[in-house]
Amino acid sequence: MATWIFEPGHTEAEFRARHMMVTWVRGLFKDIHGSLELDLERPLEATFEGVIDATGIWTGQPERDAHLRAADFLDVENHPKITFAGRFTERTGDTSFKGGVELTLRGVTRTVPLDVSYLGEWRTPFWVGDESTGELRRIGFEALARINRHDFGVSWQDELPGGGVVVSNEIELVLDAEAILLEDLERTGAIEYYRASVASRG
């Protein structure tokens, strides 16, 4: 079973929620670190885990971001990290799978079903100055999920005339993950750049 490391610069979690009953608000978490244990010949043995920096939530509006960080929503002062750990459970096509993940948000853990798509593998050079020290094997996945935010204690709400609500209870999630083979990170020396990136983010 090979170990693949999520590449933080190209791994992100997106969410969207209905706003005022008529449109969508989208947001991103970009600071995600984790790993995947995967043999593509035996994908149903795969497992993965990761940590998301909840304080880095971004929706494009500073006032809204501050409210989402507050106790009404993510309560990042007490729960600065979102964690997840899961596995593939069923193959549904050549490059598609069902999965399950234990998602911990605001200190509450729930099992969330996933629809996972494998996006492929590519080899890229790793450059130090003008010299390539070797190739890095990269793979990509997209995982889709839906959660009810009340299941995690994210229960702030405001009502609108006519029975409407400001924020939908159901939240749609998309995880885009790019992972690099740990063996290649170590062989090319790229692992030191990855570790420095992790250290700089705390």
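Note on the range 184-194: residues that are within 19 Å of T11 (Cβ to Cβ) and touching a Ser or Thr at 6+ places or on another chain (Cβ under 9 Å) amount to 1. Can you name the residue in the range 39-56 that is of a type outside the set (D, E) and touching a helix residue (DSSP H, G or I) at 6+ places or on another chain (Cβ under 8 Å) and is also surrounded by the fewest Cβ atoms within 10 Å (Cβ to Cβ) among such residues? Selected residue: T55. Name the one entry in F73, F88 that is surrounded by 15 or more Cβ atoms within 10 Å (Cβ to Cβ), touching a helix residue (DSSP H, G or I) at 6+ places or on another chain (Cβ under 8 Å) and over 20 Å from T111 (Cβ atoms). Checking each option against the conditions leaves just F73.
Does the range 98-118 contain any residue that is touching a Pro at 6+ places or on another chain (Cβ under 9 Å), at pLDDT below 95 and aromatic (F, W, Y)? There is no residue in the range 98-118 that is touching a Pro at 6+ places or on another chain (Cβ under 9 Å), at pLDDT below 95 and aromatic (F, W, Y). Filtering the range 154-169 to residues that are at pLDDT 65 or above, outside any strand (DSSP E or B) and in contact with a strand residue (DSSP E or B) (Cβ under 9 Å, 6 or more places away or on another chain) leaves V154, W156, Q157, D158, S168, N169.
Scan the range 170-179 and tell me whether some residue there is of a type in the set (A, V, I, L, M) and modelled with pLDDT under 95. Yes - at least one qualifying residue is present in the range 170-179.
Report yes if some residue within the range 138-147 is surrounded by 13 or more Cβ atoms within 10 Å (Cβ to Cβ) and over 17 Å from E14 (Cα atoms); otherwise report no.
Initially, the range 138-147 is screened for residues surrounded by 13 or more Cβ atoms within 10 Å (Cβ to Cβ), giving 138-145, 147.
Still in the list and also over 17 Å from E14 (Cα atoms): 138-139.
Yes - at least one qualifying residue is present in the range 138-147.
The values are calculated or read from the model by the stated rules, or taken from the named source; none is laboratory data. Since the model is a prediction, treat every value here as computed from it, not as a measurement. Cβ atoms come from the backbone with ideal geometry, glycine included; neighbour counts cover every protein chain shown.
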